[in-house]
Amino acid sequence: MATMGIRLRVAVFGLLMVGIIYYLYTGVISRRIATLRQRRTVDLRELLALSVEAAVRGGREVKRIREDNVLEEQSKGKTKEGASEKLTLGDMNSHKKMYYLIKNTFPYLQVNSEEHDNTREETAVWDHLIPADIQQIGDGKEVPAEDVTVWIDPLDATQEYTENLLKYVTTMVCVAVNGVPVIGVIHKPFTEYTAWAIVGWGSNVKARASYSEKSPQFIVSRSHAGKVNGFIQTAFGNNTVVHAAGGAGYKVLALLDPTDEKYEKADVYFHITYIKKWDICAGNAILKALGGHMTTLKGEEIDYSGSEANNGGVLASISVDHQSLLAKVRSAEKQLAEIK
Ligand SMILES: Nc1ncnc2c1ncn2[C@@H]1O[C@H](COP(=O)(O)O)[C@@H](OP(=O)(O)O)[C@H]1O
Ligand SMILES: [Mg+2]
Ligand SMILES: [Mg+2]
Ligand SMILES: [Mg+2]
């Protein structure tokens, strides 16, 4: 009798435990499902403020490393054209500050940086303060986090950085929603100037008062030019003025009216070799916000989701007829193909 009583108590206790475990387990699972179902959103105005902060903090590292002269220059390999792809401590330190500031604030966002490092920078924390000029654009707007891709260039114009041509150096952040560039930030660490824009909402940089539609001046790469000069002469005439400058961010600023220093006053940014999306996304967003255009040389819009590659070249303009520029590029391509 006594053993029966003990067995019964053990059985009842066992059943009770199974019940408790089942209850807890289903609770946890259902909460997990509920969290997954709940679509996370991010506020674009907050993302703009965070992007500016990231670009500024990265820029401080870029400046400090240059001033302390501790570049620790290395090569990441070669571009398709055989130029050395340089990497310095400025690129890496800036990457850590920028990438982890964004990742620590919004861990679930897709952030694609040119550089990579696995040591998480825990101290990179954002205070969520929105600067007054960004507050002025009005209320925020939520978008689903899964639609967002952030592109970071922790140091654009690394080649020029190593040559001490510091006016070309920028840090950049771009936010694309469903592949469309929406927020662009280009920061100049050595003049402490920041240009930002958010498409359909506002910007702190303007277009110039005038552009030369008749005989546009071009700005092109000084270190990854390829055969760009010959191409421009075929397409736009032998007397076309072509400025060579470093940095994709810098070349977009040279189409606009930035207030920090003198620029080349170019009308068109033209690039024919391979380039990556972190180089061009911020400039694309800023131009788009100001009514300009950035396309491939075939006139396609660039999709800022998926892979980092842009193989189609870059044609960027503002207040100049972009379609007529494209028509001249097409005709030059035909002529050059016939010569070959
Ligand atoms: N052919 C190419 N292959 C790879 N990257 C290129 C490239 N042409 C330009 N870029 C990158 O685009 C940016 C602007 O180049 P440029 O000054 O020649 O116009 C630079 O970015 P980083 O300095 O961030 O690497 C450069 O490395
Ligand atoms: Mg690089
Ligand atoms: Mg770059
Ligand atoms: Mg870079």
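Coordinate-derived values only; no laboratory data. This one's a predicted model, so the numbers in the text were calculated from it and none came from an experiment. In this analysis, Cβ positions are derived from the backbone assuming ideal geometry, glycine residues included, and neighbour counts consider all displayed protein chains.
Key figures
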| item | result |
| --- | --- |
| N238-E300 FRET efficiency (beta carbon distance; Förster radius 22 Å; 0.05 resolution) | 0.20 |
| Share of Cα-Cα pairs in the range 57-145 lying beyond 15 Å, as whole percent | 70 percent |
| The chain: relative contact order in percent, alpha carbon pairs under 8 Å with at least 6 residues between | 15 percent |
| Contact order normalised by residue count of the range 192-340, Cα under 8 Å, 6+ apart, percent | 27 percent |
| Segment D117-K227, extension gain: residue separation times 0.36 nm, minus the distance between their alpha carbons | 36.2 nm |
| Kirkwood hydrodynamic radius over Cα pairs of the range 211-290, then Stokes diffusion coefficient at 20 °C and 1.002 mPa s, in µm²/s | 164 µm²/s |
| Distance-filtered residues of the range 55-74 - backbone nitrogen under 15 Å, label point 7 angstrom along E261 Cα→Cβ | 63-64, 66-67 |
| Calculated from backbone phi, Karplus (6.51, -1.76, 1.60) coupling profile of the range 220-227 in Hz, x at Gly/Pro | 9, 5, 9, 10, 9, 6, x, 9 |
| Rule-of-thumb Rg ratio for the range 76-233 [Cα; 2.2 N^0.38 Å; N residues] | 1.19 |
| Projected label distance in nm at E192 and K76, using a 7 Å step from Cα toward the beta-carbon | 2.9 nm |
| Tail weight of P(r) past 29 Å, computed on alpha-carbon pairs of the chain, percent | 44 percent |
| Rg over Rh [alpha-carbon atoms, Kirkwood Rh] for the range 218-339 | 0.94 |
| Helix-derived mean residue ellipticity, 222 nm - over the chain, DSSP H n ≥ 4, -39500 (n - 2.57), to 500 | -12500 deg cm²/dmol |
| FRET efficiency estimate (nearest 0.05) - Cβ-Cβ, E163 to H128, R0 45 angstrom | 0.70 |
| For the range 265-336, convex hull volume per residue from C-alpha positions, Å³ | 94 Å³ |
| Theoretical FRET efficiency, 1/(1+(r/R0)^6), r = Cβ-Cβ of Y274 and W201, R0 35 Å, to 0.05 | 0.65 |
| Distance in nm between pseudo-label sites at R330 and K214 (7 Å out along the Cβ direction from Cα) | 2.6 nm |
